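Input: a single structure, listed below in structure tokens.
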Amino acid sequence: MQTADFSHCLDTLLIHAGEPRPRMGGALILPVFQSATFAFPDPSGDPALRYIRLNNTPNHEVLHAKLAALEKAEAALVTASGMAAIAAVLLTVLGSGDRILVQQGLYGGTHGLIHQDLARLGISADVVSDDDPADWRRHLQPGTRAFYVETITNPTLRVADLEAVAAFCREHGLVSIIDNTFASPVNFRPLEHGFDLSLHSATKYLNGHSDIVAGAVIGGANLVERVKQRLDHLGASLDPHACFLLHRGLKTLGVRVRQQNSGAEAVARFLSGHPAVARVNYPGLENHPDHPRAKGLFDGYGGMLSFEIDGGAAVAEAFLSHLRLPVVAPSLGGVESLITRPAATSHAGMTPAQRAAMGIGDNLVRMSVGLEAPEDLIADLDQALAGGG
Ligand SMILES: *Cc1c(COP(=O)(O)O)cnc(C)c1O
């Protein structure tokens, strides 16, 4: 497919990168190619074998080019879910007998994949510090192949020393892998900071409308091609209609995420000044332990925050029940604000002591700030903190 070649500005790339030039049939919007297979050889002279499971229909290819452009990478690949992206990458980079360094407190599905499924295949993980290269060196073994981190951790919004992780991997020949879901390419582009592979749950900010599940792998052409071969065999391709929705959602990523950045910051500052709130975790706040690091790395602090309400589980549950705008639901990154209590949902499988060690009290609430007017969200949080009415 011939595509237009643009540079630099993310907002322009979101709209134009990867789009076929000339437009197919003149259509401004790429139609859904609802076809499992394609005539071979294609009368246009294209000899490629096209098949939905091989992730190479026009709907896939426009996404691959656009996503690669957004994070300044050579290549990208869309997948059936964020977990499909993570599984395909880890099964490409690691084999039986290999080891991986991992950050503490990874996304639950990733934690389960690494510590249960990969463990069964004879792949071991070493949980290491967020920012201590001496600790990383101590855990290095001859079979260590990769290092896996997340840009911003859930639900306490910590930011590891990401540049040190990438540098350590280069020094020791490890593949550096980062889950960039929470930041999105608007706020952080990992390859510019030395990472080899950036992964996304495109279910979240990239699509942004809470209506599909999808994933993405972004990185160098050779590595992404190896991941694609694995994905082709695992069969976790993205359906063309989901490609179409992701394509549509991506075009507004810039305006959405910038609005969510400023909405979340306004909410975080309001909560910080509220007498019924004991603590606010938002990397954009000056008192966040990783604020200086986030300031140096990110173009925006994101739409996610968490906070502790004075009192225990019952007080936090009552607060949730009084809210009118944020929906109590898992997931994040959509236009509707979503809110959860991690001790009762994402982290319910841990013991209270394990949760406490990660800063997850019974009174902690996590919020994905949507696109409602920030003043309306603040008014709603205020009335719910006051016990509803
Ligand atoms: C949601 C999420 C995933 C998993 O993505 P799915 O699209 O649900 O498979 C992985 N990492 C992070 C950080 C997530 O938020």
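The values are calculated or read from the model by the stated rules, or taken from the named source; none is laboratory data. All figures in this text were calculated on a predicted structure; none of them were measured in a lab. For neighbour counting, all protein chains shown are included, and Cβ atoms are generated from backbone atoms with ideal geometry for every residue, glycine included. In case anyone asks, the SASA skips ligands and DNA or RNA and just uses the protein heavy atoms, side chains included. Shrake-Rupley method; radii C 1.70, N 1.55, O 1.52, S 1.80 Å.
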*Out of the residues in region 184-219 that are in a loop (DSSP other than H, G, I, E, B) and charged (D, E, K, R), state the one that is nearest to the ligand (Cβ to nearest atom).*
Lys204
*asked:* Filter region 230-247 down to the residues that are surrounded by fewer than 23 Cβ atoms within 10 Å (Cβ to Cβ), touching a residue at least 60 places away in the same chain (Cβ under 8 Å) and of a type outside the set (A, V, I, L, M) and list them by number.
replied: Arg230, Asp232, Gly235, Asp239, Pro240, His241, Phe244, His247
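Which members of region 320-335 meet the condition of being within 16 Å of the ligand (Cβ to nearest atom) and open to solvent by 70 Å² or more (accessible area, probe 1.4 Å)?
Within region 320-335, Pro330 is the sole residue that qualifies.
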*Taking region 104-118 as the search range and keeping residues that are open to solvent by less than 50 Å² (accessible area, probe 1.4 Å) and closer than 18 Å to Gly143 by Cα, which one is nearest to the ligand (Cβ to nearest atom)?*
Ile114
*For region 335-389, enumerate the residues that are in contact with a Ser or Thr (Cβ under 9 Å, 6 or more places away or on another chain) and among the basic types (Lys, Arg).*
Arg366
*Which residue pairs have Cβ atoms under 7 Å apart, sit 6 or more places apart or on different chains, and have a first residue in region 59-78 that is assigned to a helix (DSSP H, G or I) and a second that is of a type in the set (Asp, Glu)?*
Val62/Glu19; Ala68/Glu74
*Residues of region 48-74 that turn out to be out of contact with any Gly (no Cβ under 8 Å at 6 or more places or on another chain), within 17 Å of Phe38 (Cβ to Cβ) and modelled with pLDDT of 95 or more, as a count*: 9
*Residues satisfying the stated conditions in region 350-368, i.e. open to solvent by 30 Å² or more (accessible area, probe 1.4 Å) and without any contact (Cβ under 8 Å) to a residue 24 or more places away in the chain*: Met350, Thr351, Pro352, Ala353, Gln354, Ala356, Ala357
*What pairs can you find where one residue is in region 268-284 and farther than 18 Å from Gly312 by Cα, the other is surrounded by fewer than 20 Cβ atoms within 10 Å (Cβ to Cβ), and their Cβ atoms are less than 7 Å apart, with a gap of 6+ or different chains?*
Ala268/Leu285; Phe270/Ile378; Ser272/Leu285; Pro283/His291
*Of the residues Arg269, Arg256, Arg279, which is closer than 24 Å to Leu157 by Cβ, open to solvent by less than 20 Å² (accessible area, probe 1.4 Å) and of a type in the set (Lys, Arg)?*
Arg256
